[in-house]
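Below is one structure, written out as structure tokens; the observations come after it.
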Amino acid sequence: MRSLLQAVGIVVLATSVVRADAILYATAATTNGVDGFCIHDDGSLAPTPKVHVPTAGTNPRRLVVGNKTLYVAETDRVEAFRIAPHGGITSVGSTQPLVQPNKMNPLDIALSPDLTMLYVPQSGQRRIAAYPLADDGRFALTADADKPYTGDFSSCVQGPVGPRYRRIAVRDTLLYVTEAADNGAVSVYPLATDPTTGRLDLQLKPADCHLGKTPSDTTCPLSQRRRLFVPNAFVLDDDRIYVESLFHHRIFAFPLTNGLFDPRWPQHKKAPKDTVSVCLTDADGNALKGPFRWAPSSSKTNAAEKYQDLVFHDGTLIGSQFLLGRIDAFQLKPDGSLRRRPTRTTKGDVRGSPVGLAVRRNVLYVAAGELDRVQAFRLRTNALPDPTAFSETDEQTDSFPNALAVAELPDTCP
């Protein structure tokens, strides 16, 4: 079995139209490209791709759609493709490729709510960088508006040593990221409006965003939950966050207050909560000694296999189990807590090796990496999937799709 290429899939831009013309983009991770499959009116997929384009970088592993643009995370860059009315895509530039001394290596990317910034966790550079976007979705910095161009970031946060960022999401003015540092953590960083541009920037400017800084220069998050031991995919819903821990083989639910975890403080201290930094320093910046308490989970699943991706739809949390080749669906309890066991599972097929997921209306799309195809499952009441796929693409030899994104189109997708 080929080794897993990390990725996640998302769903975007669902709208109500008379005719449901849409296209599903899938990474061809092994052969370094992107395929586009038309979505029929009933949610089924065209068997062969209408679109196939090569990527400038290697190992595409994440797709995001916004402002008629498809953003593709690759090993050393993020590439932008303009989406045509019929679904065709054309490269319109990328971030500055980062090869030396370390590659960029983003496993995820996220857009700001107003689609004017792209946030890229760069494990190879030990930072999360924010790239400004032009009105047409391209990277904002350019020398020639008529040619593809390279963008650079305008702000960042500096991560701890060896952060190994995994997944990222933005909600309102908060940025959430899972990382392997600090015994596995979910960190929350504030986004601040730049008065000169109106964009939501991170805390540091480029001059402060470089390799070789000491651990004391790490940007302190606004809120954090440590000791999750290799947290991976997560989903935000109202006042909760659901996080998969690859070490524990569980999904944990944590309550959030104004988007933040409950503050913790050393067990042997009785100081007020607001005098202790989430970076474990006192009000004067002096390091505190543990043991430390962290926000407890409000519910959790039983130990199971590792989930590679999570999506939330209609009160149900859906996860892809790569090793067992199936999809698990957890219908949440009325109070939002997790059930211990899946409410429903699809038929397992270890050859399927599902990775990225996307939902559009009542259909779940699954990137079945080892099968070299994308599958579609009908979602019934409470977003519980049928046991078997009702549609799938033809095999795209040696493609290994690992991430998906859906785009609604203003014109037909033949």
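Read-outs throughout are calculated quantities, based only on the coordinates presented, and are distinct from any laboratory measurement. Not measured: the values here are computed from a predicted model. Every residue, glycine among them, receives a Cβ derived from its backbone with ideal geometry; neighbour counts consider all protein chains shown.
When all alpha carbon pairs of the chain are counted in 20 Å bins from zero, the resulting P(r) reads 28, 59, 14, 0 %. Ordering of 78-86, 104-112 by packing is 104-112, 78-86, highest average first (other Cβ atoms within 10 Å, averaged per residue). In order along segment 338-354, the Karplus-derived 3J(HN,Hα) couplings, from 6.51 cos²θ - 1.76 cosθ + 1.60 at θ = phi - 60°, round to 7, 7, 5, 10, x, 6, 7, 10, 7, 5, x, 8, 4, 6, x, 6, x Hz, and Gly and Pro are given as x. Relative contact order of the chain: 17 percent, from C-alpha pairs under 8 Å at least 6 residues apart in sequence. The amide H of V78, built 1.01 Å from its N in the peptide plane, has T95 as neighbours under 5 Å, considering only residues 5 or more places off or on other chains. In terms of its C-alpha gyration tensor, segment 39-194 has a prolate overall shape, because the principal axis ratio a/c (a ≥ b ≥ c, square roots of the eigenvalues) is not below 1.5 and a/b outweighs b/c.
A full extension of the chain between T381 and T48 corresponds to an added length of 116.9 nm, given 0.36 nm per residue minus the alpha carbon distance. The label point for T412 and the one for F390, both projected 7 Å from the Cα toward the Cβ, are 2.4 nm apart. Taking H placed 1.01 Å from N in the peptide plane, check which residues at least 5 places from R344 or on another chain put their amide H under 5 Å from its amide H. For R344, whose amide H was placed from the backbone, the distant partners under 5 Å are A329, Q331. Of all DSSP bridge pairs formed entirely within the chain, close to 95 percent run antiparallel. The 3J(HN,Hα) values that the Karplus relation (6.51, -1.76, 1.60; θ = phi - 60°) gives for segment 393-409 are, in residue order, 7, 5, 5, 9, 3, 6, 8, 6, x, 10, 8, 9, 8, 9, 10, 7, 10 Hz. Gly and Pro appear as x. Computed 3J(HN,Hα) for segment 37-42, one whole-Hz value per residue from the Karplus formula 6.51 cos²θ - 1.76 cosθ + 1.60 where θ = phi - 60°, is 10, 5, 9, 6, 4, 8, glycine and proline marked x. For segment 316-414, the set of GluC sites (Glu not before Pro) satisfying both a DSSP loop assignment and a count of at most 14 other C-beta atoms within 10 Å is given as E395. For segment 36-194, the share of DSSP beta bridges that are antiparallel, to the nearest 5, is 95%.
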